[in-house]
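Data block below; observations after.
Values quoted throughout were computed directly from the atomic coordinates according to the rules given, and no laboratory measurement underlies them. Remember, it's a predicted structure, so these values are computed and weren't measured experimentally. Here the Cβ positions follow ideal geometry from the backbone for every residue, glycine too, while neighbour counts run over all protein chains shown.
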């Protein structure tokens, strides 16, 4: 779910880096802003592991090679910046498409409880099955429906019982 705290914190870090990439035209300015973002997160109690992991995730989204991630420079920064603008344009386009589908009642939002396992793997399999069903049924295909999965986390009963015990 989009309101899960861990996801929110990762998104804040990612959005801050995207914003820095959009506003900083030079590599040096971006590096200074990146360090400022890292220091802000460290000051607010986030671990160095959290910061390094999310920084690697951010760079790996734009650079396929591990070498490029470790060796970001003026040239690779230009590539990163171009990809950032492309990503933002793509996200705007997807949002517009989603709003259009919603207006025409062709968007199905499916909320499901996620307990454990690979959420990404489940989503991939679900979308593949959904696609197979839609493409094989000509009547259903005519509707032009699109489905969007949203997860709700199911916390284990041990966590729930631990909270009750703590409150006693």
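Test of understanding: ordering 143, 13 by Cβ neighbours within 10 Å, fewest first, what list do you get?
The most exposed by this proxy come first: 143, 13.
Which FRET efficiency value, to the nearest 0.05, is calculated for residue 61 and residue 92 with the Förster distance at 22 angstrom and r the Cβ-Cβ distance?
According to the calculation, E is roughly 0.80.
Do you know the relative contact order of region 5-95, to the nearest whole percent, from alpha carbon pairs under 8 angstrom that are 6+ apart?
Relative contact order, region 5-95: 33 percent.
Arranged by the count of other C-beta atoms within 10 angstrom, fewest first, what order do 40, 135 take?
Neighbour counts put them in this order, fewest first: 135, 40.
Would you order 139, 147 from fewest to most other beta-carbon atoms within 10 Å of each residue's own beta-carbon?
139, 147
Could you calculate the FRET efficiency of residue 103 with residue 18 from 1/(1 + (r/R0)^6), where r is the beta carbon distance between them and R0 is 41 Å, rounded to 0.05?
0.90
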